[in-house]
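Reviewing the structure listed below.
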Amino acid sequence: MKYSPAEIEHKWQKKWEDDKLFKVEADNSREKFYCLEMFPYPSGKIHMGHVRNYAIGDVISRFKFMKGFNVIHPMGWDAFGMPAENAAIENKTHPAIWTKSNIAYMKTQLKQLGLSYDWDREIATCDPEYYKWEQLLVIKMFEKGLVYKRTSHLNWCEACQTVLANEQVEDGKCWRCDGEVRIKELDGWYFKITDYAEELLSCTEKMDGWPKKVLTMQQNWIGKSFGAEIDFNIENTDEKITVFTTRADTLFGATFMSVAPEHPVAKKLLSGTEQEKEGLDFIEGILKEDKINRMADDKEKKGFFTGKYVINPLNGRRMPVFIANFVLMDYGTGAVMAVPAHDQRDFEFAKKYNLDIKIAIMPEDQELVPAEMTEAYSGAGRLVDAAQFEGMPNEEAKIAVVEFLAEKGIAKSTVNFRLRDWQISRQRYWGAPIPFINCPKCGTVPVPEDQLPVRLPEDVELSGTGGSPLRKSAAFLNTTCPKCGGAAERETDTMDTFVESSWYFLRYCSPKCDTAPFKTDEANYWMPVDQYIGGIEHAILHLLYSRFFTKVLRDLGYINFDEPFNRLLTQGMVCKETYRCEEHGWLFPEEAEGGKCTKCGKEVTVGRVEKMSKSKKNVVDPNKLIQLYGADTARLFIIFAAPPENELEWSDQGVEGSFRFLGRVWRLVKNNLGLIQQNFGTGGDEAFIKEMLYHTHSTIKKVTNDIDKYHLNTAVAALMEFVNYLYKAETKLKADGEKLVFKEALTALLKLLNPFTPHITEELWEEAEMKEILSRSDWPSYVEEYTKTDEVTVVVQINGKVRSQLSLPRDCAQDDAFSAAFLDEKIKGYTDGKEVVKKIFVPNKLINIVVK
RNA sequence: GCGAGUGUGGCGGAAUGGUAGACGCGCUUGACUUAGGAUCAAGUGCCUUUGGCGUGGGGGUUCAAGUCCCUCCACUCGCACCA
């Protein structure tokens, strides 16, 4: 009978489901393993990136399951977000309907892959039973001072009609729609993630289960720097401007000051002056620019002189104050002291506007002359023109200058972070409502716990224009203040969807809990996640936010651990070459059959290998793949084709190869069903039996170790080798004892292969009349002794080059090995008449003879 | 510019400092076949083949280097006027 996956895969999926094979409960007497894959956004159907992510997770889960761990392996839906709302506007449906039907379809797709999820733990974040608890957490955070509202200059995506967090602006464009982002002054809600900056940073040093790359990215994003805040008096006033600097040692060289266009002091300085209008226009011009433009590489530095001066606190120098396009309101204090001699940006600015350049740091090996400088000098040196600090090494002066000014109360050393508070307001409908009431008398009042969830109103017509959709529902908007009972308005912003994904892994621990977000004892049992798997694109956003939430929930007393994810595996992208027809543009692979466009017959241009994407049409539909080859082949190919963290290049021929391999497994076991069902005595060719034991046990060892290290591709390679060997061994079987060992080899093969291709192995297992379900059976163990052969091949090198090979008894003595080597004919040819200078012996491996 | 990483056959990829190229794809030859895009067997780094050369280039450490060190080159990713 031929291997036909379609027939067997459905059967086993149903069986596992009916038996609730992967349903788990917390059990303190057993060691747990939490395997988690990043949950998907229900966009409509799954793509190969999902398949790869879940295939990797499933191998690990099933492996740990067979190893006897209490494995929690949940799945759910990151169900709030823009596409549902856009689809609703387009199709005049409700986002909930669109989302739910997508979830239903994608769930059938996931089930077709035979993934070992405990579906009883499924959650969807758009479910009020989910966001109710999120709202509660936000209120708890508010009570702790970790949530606040303020007006500021925010990133606004015109296409999405909403605000974006800093992290969500990539290359000046919206992370989701690639639309242009500009600055808009708006009210917004914030999470005080900056309170945790220090801990989020310091914990990265202990997170050795994460890829270094991701940790570095997070460290850079948090961006800790040591420096000082220094006050500068505004000339002829009592007011001051505070700057942040990491180079207090260069203060003697500060000749002007630059402030961000958004800085409140900018308008204040201009106020009432004759250049006020011109100055305001200048500010306006910069703020109006979109983010791509403003952040452009070669952006020219532009400034506007406010007409006002500040006084250098060290030497009393009058420093003109400029509004400058390159100063960031977001970083430090939004104002910088400009030291053109020692800062390249200030240097360029000074050259352009003809401002003073004063040397403050003189290097040992050259003499800086302002007029001759072509770029700023930012290296080390001694202070010059520096009063009592004259001649001091600049590193010392960084501290000394601040201490001196601190005594006068005009400076303090500070630590500054690049990390900003997390802006969570979105002016959209399809998100969790922010649970506050704005009362004209009492201000911001949290919605009382017993009134949660604040549900999304059903009566909103989505148009995509005209501001926040929730404002259009009178029933939602108008309410009474829980404090004073007076008329009040509900907050109409909804939360950034990254809030939902910041704690979903906790909800999985108690998905049905209706008294709390989750049960503390269950979370403390299951968490932290032992293995988290997902795309590198979440290196900062989702992973940083989740770490923040975990720490907050710990401090709120919900949980007792510091970090959510012990180990992180960032799987690589799934790529494929692109096809293009000059007339029809990008083509789907099936439209480029035989190098000709199926629409017009023209020659197809084969492009580079790129990430599979709808826009370039270089996609392979998981449904079709499963139809053609079955889920087992799809899983096997994806695991085998590349290490999990590498890019995976799609290869139709590679898929065929994986399918062929499963066919070989199928025939091998089918041919020997009778043998497996029989019982055998002992006896037979001892060497042959030893050989079979060697192959079996070293394969068990290799596959076990490889899966532990997540070298999944080499584990599969070892299984392929094993199957190749078993085909050879099969032809030599005679005696009972040989058949017995061969039978054991086959059962080991099925077990080892099961995490990768569970359906075919389960089917063969059943046909072999094994009693229990394979997925529930034990992982095979190996006997170390069997993994060693009696004879070993020892290579003989002359001067480091391999010249011969010897077959020697395992662990033979050094002297015996050398004598054997010197007796070897080939070696004699190299050693005769030569002086042996040195002899190296590596047991069971190698001999190196150095001759002269 | 700063930071991180990667460079191995025709391709994807293997190799605790110890036989470079496991495994797979592709290719070659053969077998079985009405047929082969099924299956099986053998072969497959390169060359001027008793041998020589080979892991991006150059240098170094070592008995021994894909692996460690220095340097250069190329590519990828992340951050990017962060004061």
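Key figures for this structure:
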read-out	value
Number of the exception - A:Thr306 against (1) of a type outside the set (A, V, I, L, M, F, W, C); (2) away from RNA strand B (no atom under 13 Å from the Cβ); (3) in a strand (DSSP E or B); (4) surrounded by fewer than 19 Cβ atoms within 10 Å (Cβ to Cβ)	(4)
Residues that are closer than 23 Å to A:Met692 by Cβ and surrounded by fewer than 20 Cβ atoms within 10 Å (Cβ to Cβ), drawn from the stretch A:752-778	A:Glu767, A:Glu769, A:Met770, A:Ser777, A:Asp778
Selection from the stretch A:531-576 of residues that are buried (at least 19 other Cβ atoms within 10 Å of the Cβ), touching a Cys at 6+ places or on another chain (Cβ under 9 Å) and not basic (Lys, Arg)	A:Gln531, A:Tyr532, A:Ile533, A:Glu563
Matching residues in the stretch A:69-85 - criterion: being of a type in the set (Gly, Ala, Ser) and at pLDDT 95 or above	A:Gly76, A:Ala79
Members of the stretch A:522-551 that are in contact with a strand residue (DSSP E or B) (Cβ under 8 Å, 6 or more places away or on another chain), under 15 Å from A:Leu201 (Cα atoms) and hydrophobic (A, V, I, L, M, F, W, C)	A:Ala539, A:Leu543, A:Phe548
Count - residues of the stretch A:35-57 that are more than 20 Å from A:Thr99 (Cβ to Cβ) and in contact with a His (Cβ under 8 Å, 6 or more places away or on another chain)	3
Hits in the stretch A:330-349 - residues which are of a type in the set (A, V, I, L, M) and within 22 Å of A:Asp385 (Cβ to Cβ)	A:Val336, A:Met337, A:Ala338, A:Val339, A:Ala341
Search result, residues across the stretch A:84-120 that are of a type in the set (D, E, K, R), open to solvent by less than 10 Å² (accessible area, probe 1.4 Å) and touching a helix residue (DSSP H, G or I) at 6+ places or on another chain (Cβ under 7 Å)	A:Glu85
Helices (runs of 4 or more DSSP H) enclosed by the stretch A:748-852 - at least 3 residues per element that are of a type in the set (Val, Ile, Thr)	none
One residue from A:Gly737, A:Gly800 being touching a Ser or Thr at 6+ places or on another chain (Cβ under 6 Å) and surrounded by fewer than 19 Cβ atoms within 10 Å (Cβ to Cβ)	A:Gly737
Matching residues in the stretch A:708-724 - criterion: being open to solvent by 20 Å² or more (accessible area, probe 1.4 Å) and within 9 Å of RNA strand B (Cβ to nearest atom)	A:Lys709, A:His711, A:Asn713, A:Thr714, A:Ala717, A:Met720, A:Glu721, A:Asn724
Residue list for the stretch A:139-179, restricted to those being open to solvent by 70 Å² or more (accessible area, probe 1.4 Å) and either assigned to a loop (DSSP other than H, G, I, E, B) or more than 13 Å from RNA strand B (Cβ to nearest atom) (or both)	A:Glu143, A:Lys144, A:Lys149, A:Arg150, A:Thr151, A:Glu158, A:Ala159, A:Asp171, A:Trp175, A:Arg176, A:Asp178
Contacts under 7 angstrom Cβ, first residue in the stretch A:17-28 being charged (D, E, K, R), partner open to solvent by less than 100 Å² (accessible area, probe 1.4 Å) and part of a helix (DSSP H, G or I), 6 or more apart	A:Lys23/A:Asp120
The stretch A:580-592, subset open to solvent by 30 Å² or more (accessible area, probe 1.4 Å) and closer than 21 Å to A:Phe637 by Cβ, residue modelled with the highest pLDDT	A:Phe588
Selection status of A:Glu583, of a type outside the set (S, T, N, Q) and in a loop (DSSP other than H, G, I, E, B)	yes
Residues of the stretch A:47-65 satisfying the condition of being open to solvent by 10 Å² or more (accessible area, probe 1.4 Å) and either over 19 Å from the mean Cα position of the chain (by Cα) or among the hydrophobic types (A, V, I, L, M, F, W, C) (or both)	A:Lys64, A:Phe65
Filter result (away from RNA strand B (no atom under 12 Å from the Cβ) and either among the hydroxyl-bearing types (Ser, Thr, Tyr) or assigned to a helix (DSSP H, G or I) (or both)) within the stretch A:240-254	A:Phe252
In the stretch A:333-353, residue farthest from RNA strand B (Cβ to nearest atom) [restricted to those that are within 26 Å of A:Arg382 (Cα to Cα) and open to solvent by 20 Å² or more (accessible area, probe 1.4 Å)]	A:Lys351
Test: residue in the stretch A:641-655 that is assigned to a helix (DSSP H, G or I), surrounded by 18 or more Cβ atoms within 10 Å (Cβ to Cβ) and near RNA strand B (Cβ under 10 Å from one of its atoms)	yes
Which listed residue, of A:Ser804, A:Ser819, is over 29 Å from A:Leu749 (Cα atoms), away from RNA strand B (no atom under 14 Å from the Cβ), without any contact (Cβ under 8 Å) to a residue 24 or more places away in the chain and of a type in the set (Gly, Ala, Ser)	A:Ser819
Residues located in the stretch A:406-432, provided they are open to solvent by less than 50 Å² (accessible area, probe 1.4 Å) and in contact with a helix residue (DSSP H, G or I) (Cβ under 7 Å, 6 or more places away or on another chain)	A:Ala411, A:Phe417, A:Leu419, A:Asp421, A:Trp422, A:Arg428, A:Tyr429, A:Trp430, A:Ala432
Test: residue in the stretch A:671-689 that is within 13 Å of RNA strand B (Cβ to nearest atom), closer than 23 Å to A:Trp779 by Cβ and either touching a residue at least 24 places away in the same chain (Cβ under 8 Å) or not in a helix (DSSP H, G or I) (or both)	no
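The values are calculated or read from the model by the stated rules, or taken from the named source; none is laboratory data. Owing to the predicted nature of the structure, the values given are computational and were not obtained by experimental measurement. Cβ: placed from backbone, ideal geometry, glycine included. Neighbour counts: every protein chain shown. In case anyone asks, the SASA skips ligands and DNA or RNA and just uses the protein heavy atoms, side chains included. Shrake-Rupley method; radii C 1.70, N 1.55, O 1.52, S 1.80 Å.
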